[in-house]
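Inspection log for the structure reproduced underneath, given as structure tokens.
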Amino acid sequence: MSLSTHVLDSTTGRPAAGVAVTLTDRDGGPLTTATTDDDGRIAQLGVDLPAGVYRLHFGTGAYFAARDVATFYPEVIVAFEITDAGGKYHVPVLLSPFAYSTYRGS
């Protein structure tokens with residue numbers, strides 16, 4: 001199973017480097033933590049996960065605070081379901097101080 005993420009700061013059109021991301025189980029129990037690289041990516045969250053529901057917690061408040069930008073969303077939490085434990089899962093986030101969107105990437 002492969003799980004990755006990518007964060008794009010849509011206000012600048014640039015990758016969002018330095019965003020802390022925590023993967024949790026359905027109940028919020030932390031499984032692993034990583035930080036987006038200079039390209040706004042985490043290539044592999046480093047854990048094998050069975051089928052089930054998980055959450056990615058993005059530390060958007062700290063990201064914007066480091067840039068002296070006010071934000072309405074101090075965190076973004078994306079819940080998703082793994083149905084194929086052998087599959088590839090990519091969860092991109094498009095981010096701005098007052099909006100965000102996500103989709104299942106490839």
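The values are calculated or read from the model by the stated rules, or taken from the named source; none is laboratory data. Everything numeric here is computed off the predicted structure, so don't read it as measured data. Neighbour counts are summed over all protein chains in view; Cβ atoms, including those assigned to glycine, are modelled from backbone coordinates with ideal geometry. For the accessible areas, the whole protein counts, side chains as well, though only heavy atoms, and no ligand, DNA or RNA atoms are used. Shrake-Rupley method; radii C 1.70, N 1.55, O 1.52, S 1.80 Å.
A few notes on this one:
- Meets criteria (open to solvent by less than 60 Å² (accessible area, probe 1.4 Å), closer than 19 Å to Ser10 by Cα, among the polar types (S, T, N, Q) and without any contact (Cβ under 8 Å) to a residue 24 or more places away in the chain) for Ser96: no
- Pairs linking a residue in region 3-22 that is at negative phi and open to solvent by 10 Å² or more (accessible area, probe 1.4 Å) to a residue that is assigned to a strand (DSSP E or B) and of a type in the set (Ser, Thr, Tyr), with Cβ atoms under 7 Å and 6 or more positions apart or on different chains, are Ser10/Ser96; Thr11/Ser96; Ala20/Thr33; Ala20/Thr35; Thr22/Thr33.
- Test: residue in region 54-62 that is more than 13 Å from the chain's Cα centre (by Cα) and farther than 21 Å from Leu94 by Cβ: no
- Scanning region 1-59 for residues that are aliphatic (A, V, I, L, M) and in contact with a helix residue (DSSP H, G or I) (Cβ under 7 Å, 6 or more places away or on another chain) returns Ala16, Val19, Ala20.
- Evaluation of Thr11 against (1) farther than 17 Å from Ser101 by Cα; (2) assigned to a loop (DSSP other than H, G, I, E, B) (one fails), failing number: (1)
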